[in-house]
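All remarks here apply to the structure that follows.
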Amino acid sequence: QVQLVESGGGLVQPGGSLRLSCAASGSIFRVNVMGWYRQRPGKERELVATITSARSTKYDDSVKGRFTISRDNTKNTVYLEMSSLKPEDTAVYYCSLAQLAKTYWGQGTQVTVSS
């Protein structure tokens, strides 16, 4: 079993920055993919960014140049550094871990970008 706990969400002004963290625990294999997804109001859950255990990254076009995903393999923790935040970034952000053809999800953390 794998558990994921997100933290760092909150209210931030447009143009501001926020750093999300997600710690994974349980039966974590060395080779895996961790990522961040978000669900914006009225939209389906969508990919934000992913990072492999080898630190290969992928970003959605909407966040390229503004968000940075990283991970600490010794702590099984993934981070999402968000800058130049826009109201359109308002969403529930979900952490994920994929291994052995199965994907695990965190509970989500709310990010609200508003003045």
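The values are calculated or read from the model by the stated rules, or taken from the named source; none is laboratory data. Note that the structure is a prediction, hence the values are computed from the model and not measured. So basically every Cβ, Gly included, is an ideal-geometry build from the backbone, and we count neighbours across all protein chains shown. Keep in mind that these areas ignore ligands, DNA and RNA; they rest on the heavy atoms of the full protein, side chains included. Shrake-Rupley method; radii C 1.70, N 1.55, O 1.52, S 1.80 Å.
Okay, here's what the table says:
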{"item": "Carbon plus sulfur fraction of accessible area for the chain, probe 1.4 Å, in percent", "result": "48"}
{"item": "About the Cα centre, charge dipole magnitude for the range 1-114 (Lys/Arg +1, Asp/Glu -1 at Cβ), debye", "result": "220"}
{"item": "Relative contact order %, the chain, counting alpha carbon pairs below 8 Å whose residues are six or more apart", "result": "37"}
{"item": "Cα Rg over Rh - the chain, Kirkwood", "result": "0.95"}
{"item": "Where the range 8-101 is the region considered: accessible area per residue in Å², 1.4 Å probe", "result": "51"}
{"item": "Three principal axis lengths of the range 53-109 [C-alpha, angstrom, descending]", "result": "35, 23, 20"}
{"item": "Cα-only radius of gyration and Dmax that characterise the range 1-62, units Å", "result": "13.6, 38"}
{"item": "Contour minus Cα-Cα distance for residue 11 and residue 114 (0.36 nm per residue)", "result": "36.4 nm"}
{"item": "Difference of contour (0.36 nm per residue) and Cα-Cα distance, residue 72 to residue 29", "result": "14.1 nm"}
{"item": "Gain upon complete extension [residue 60, residue 3; 0.36 nm per residue less C-alpha separation]", "result": "18.0 nm"}
